[in-house]
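Here's the structure we're looking at; comments come further down.
No value in this document is a laboratory result; all are computed from the given coordinates. Only a predicted model underlies this, so the values are computations on that prediction, with no experimental measurement involved. All Cβ positions, glycine included, derive from the backbone under ideal geometry; neighbour counts span all protein chains shown.
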Amino acid sequence: MHRRDRLVDAAVGTSRHAPSAVEPDAYSGSPSDVAYDENVVSEVIRPAAIVPEEAARAILIELSLNSIHSGGLWRAEPSRWNRYDRPWASTQDPGDAGLLGSIQVAYGTPTKYEITIYRVSITRRGEELGFTVQGLTDEALGHGDLSLAQCPRASVLPPPKPFRF
């Protein structure tokens, strides 16, 4: 939970969760989005890193086995892999777990079974604990026996010529 998500009851001196219009469920991404606004380091990976099919399969299996929902530290979503400092209190409540960083990914590109990594962000808390873009990415890619430096890169082509009548 992040400091701006807590309210302090001045009369009692205790903290409580800030009320929200809609309580997020385990798959809404709200805690990640809140922490994402507090990033201090965000790096676009250029050219984008391509995770080959075999490594992608191994990484996704390990991220699911290390899910915050089963006592792990990762939350793998369709567009983002989030790393937390501790497991969530429950499937819908992050409790005191703090987001350390996010890896933004696209599945099925450039080919059906590959994964493209295009941005990595480290939160303020992650930076305080010594996380780096390279380190966070290597931690996730290590499940597929890869590192960011070893990943194949997307080919960068010149833009197409403008359409003319």
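With only the Cα atoms considered, the stretch 29-144 has a convex hull volume of 89 Å³ per residue. With neighbour counts taken as other beta-carbon atoms within 10 Å, the residues T137, T132, T123, T111 rank, fewest first, as T111, T132, T137, T123.
Under 5 Å from the amide H of S42 lie the amide H atoms of I122, each residue being 5 or more positions distant or on a separate chain, with H modelled from the backbone and absent for Pro and chain starts.
Restricting to DSSP loop positions (anything but H, G, I, E, B) with no more than 10 other Cβ atoms inside 10 Å of their own Cβ, which trypsin sites (Lys or Arg not before Pro) remain in the stretch 96-165? Could the numbers behind the result be given before it?
On the way: sites: K112, R119, R124, R125, R153, R164; in loops: K112, R164.
Loop-located and lightly packed - K112, R164.
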